[in-house]
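First comes the structure, then the notes that go with it.
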Amino acid sequence: MELQAAKERIHQLREMIDEHNYRYHVLDDPIVSDAEYDQMMRELLQLEEQFPQLVTPDSPTQRVGGKPLPFFEKVVHLSPMLSLGNAFDEEDLREFDERVRKAAEGEPVHYVCELKIDGLAVSLRYQDGIFQLGATRGDGQTGEDITQNLKTIRSLPLRLKQPVTLEVRGEAFMPKKEFERLNKDREKKGEPLFANPRNAAAGSLRQLDPKLAAERALDIFLYGIGSIEGKELATHTETLDYLEKLGFKVNPERKTVDSMDGVLEYINEWREKRPNLPYEIDGIVIKVDQLGLREKMGATAKNPRWAIAYKFPAEEAVT
Ligand SMILES: NC(=O)c1cnc(N)c2cc(Br)sc12
């Protein structure tokens, strides 16, 4: 095959593979069989071997690229990754609601309720829609560059549906089924078991050899924008919808309510439904929806004043 034909076929294959990867891992709604998908990947790999000058960092063949690193580089976040203050009961939530309504000075207040994923907070940077860099939260200001490992997460888009430059925040996690499979495998090999999916996810992403992270079916939900160029968003609800439009995986269980009673209802609904989720959650995140009111409330050195995490009581250890 000559170069021009190879360019066209490679472009076509990448489009198809990215779309099928998105449908399978983000929408959980595949329309081709694994065999058909693997066939497309094999053809793309062969063409890229034949024409190495046509390989690009966002090609789906580059997910398990890198060689083992000697260490992780430090990354300074474009804006600090704050952690959430905690609420443990209704009284804490009512006090939070009072503080918000005081700051709102009569302006209507909407809360976005989201599941608090029990994983590892990460920050992802995209330049003109291409994934550039991913980092751990670290101390909130400086994290570790784990780009190679994050690229192995199939639901993480290597190229967005629009060429935007932004930094997004999310939680990388290990689904419960994968955690059980991994620990069974480690038990067979006489290796120490992971205590919980959170530790397993953190341990996987802190591997210096990306091939090890690639063997673990990690996943990721995105839930916020750290910084963005050329886009004005008025609410968090809009932000989450926009992240979905760009091709990110956003948790579908979110709900926007206009009172603390609505928040309490959501919390009780998910207290019941939590065991049936395919991933672990350790609470519910409640955020002010209006970004203007968030600006007004600001943040302490550690936590935003416009959000809080309701923590479920720790599950009694499964004996
Ligand atoms: N949906 C969310 O905002 C969310 C979900 N899960 C988490 N572990 C966290 C942590 C922060 Br900080 S926000 C958030």
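Counting 0.36 nm for each residue step from Arg274 to Gln141 and taking away their Cα separation leaves a gain of 44.7 nm. Full extension of the chain between Lys74 and Gln53 gives 4.5 nm of extra length, using 0.36 nm per residue less the Cα-Cα distance.
Among the GluC sites (Glu not before Pro) within the stretch 27-76, which fall in a DSSP loop and have no more than 12 other Cβ atoms within 10 Å of their own Cβ?
Of the GluC sites (Glu not before Pro), the ones in loops of the stretch 27-76 whose Cβ has at most 12 other Cβ atoms within 10 Å are Glu73.
Over the chain, the pair-distance histogram of Cα-Cα distances with 10 Å bins from zero comes to 5, 24, 32, 24, 10, 3, 0, 0 percent, rounded to whole numbers.
Which shape class, rounded, prolate or oblate, goes with the stretch 162-319 when its Cα gyration tensor gives a ≥ b ≥ c as root eigenvalues, a/c under 1.5 marks rounded, and past that a/b bigger than b/c marks prolate? Oblate shape, in that a/c is at least 1.5 and b/c is the bigger or equal ratio. Once Rh for the stretch 209-287 is found with the Kirkwood sum over Cα pairs, what is the Stokes-Einstein diffusion coefficient at 25 °C and 0.890 mPa s, in µm²/s? The diffusion coefficient I find is 162 µm²/s. Can you compute the FRET efficiency between Ala301 and Lys255 using 1/(1 + (r/R0)^6), with r the Cβ-Cβ distance and R0 = 25 Å? Round to the nearest 0.05. With a Förster radius of 25 Å, E is 0.25.
Here Lys249 is the anchor, and the aspartates and glutamates within straight C-alpha reach of less than 12 Å, apart from those fewer than 8 places off in the same chain, are Asp28, Glu171, Asp219, Asp241. Rounded to whole numbers, the Karplus 3J(HN,Hα) couplings from phi for the stretch 30-37 are x, 10, 10, 7, 4, 5, 5, 5 Hz, using 6.51 cos²θ - 1.76 cosθ + 1.60 with θ = phi - 60°, and x at Gly and Pro.
Of all aspartates and glutamates in the structure, those lying under 19 Å Cα to Cα from Lys67, and not within fewer than 8 positions of it along the same chain, are Glu48, Glu49, Asp58, Glu144, Asp145, Asp209, Glu215.
Would you please give the FRET efficiency between Phe312 and Glu238, computed as 1/(1 + (r/R0)^6) with r the Cβ-Cβ distance and R0 = 22 Å, to the nearest 0.05?
On the way: r = 28 Å, r/R0 = 1.28.
Given R0 = 22 Å and the Cβ-Cβ separation, E is 0.20.
Between exposed trypsin sites (Lys or Arg not before Pro) in the chain, where DSSP calls loop and at most 15 other Cβ atoms lie within 10 Å, what's the longest gap? Looking at the chain, 1-160 is the longest stretch - no exposed trypsin sites (Lys or Arg not before Pro) with at most 15 other Cβ atoms within 10 Å.
Three principal axis extents describe the C-alpha atoms of the stretch 49-173; from largest down they are 64, 33, 23 Å. For the chain, the longest principal axis of the C-alpha atoms and the axis of helix 3-25 are separated by about 30°. For Lys255, the lysines whose Cα falls under 28 Å of its own Cα, not counting residues fewer than eight places away in the same chain, are Lys102, Lys116, Lys161, Lys176, Lys177, Lys231, Lys245, Lys273, Lys287, Lys296, Lys302, Lys311.
Any chance you could run the full-extension gain for Glu2 through Glu107? It's 0.36 nm times the residue separation minus the Cα-Cα distance, nm to one decimal.
Extra length available between Glu2 and Glu107 comes to 31.4 nm.
Of the residues Gly230, Gly65, Gly247, the one that moves most in a GNM of the chain with alpha-carbon contacts below 10 Å is Gly230.
Applying the criteria of a DSSP loop state and at most 11 other Cβ atoms within 10 Å to the chymotrypsin sites (Phe, Trp or Tyr not before Pro) of the stretch 53-90 yields Phe71. Between the helical axis of 176-188 and the longest alpha-carbon principal axis of the chain there is an angle of about 60 degrees.
Rg and Dmax of the stretch 39-89, based on Cα coordinates, read 19.7, 61 Å.
In this structure, Glu98 and Glu215 have a Cβ-Cβ separation that, at R0 = 45 Å, corresponds to a calculated FRET efficiency of about 0.40. Helix 260-273 axis versus longest C-alpha principal axis of the chain: approximately 50°, rounded to the nearest ten.
Modelled spin-label separation between Leu27 and Leu133, with each label point placed 7 Å from Cα along the Cα-to-Cβ direction: 3.3 nm.
FYI, it's all coordinate maths here, none of it is from the lab. No experiment lies behind these values; they were computed from the predicted model shown. Here Cβ is always computed from backbone atoms with ideal geometry, including for glycine, and neighbour counts include all displayed protein chains.
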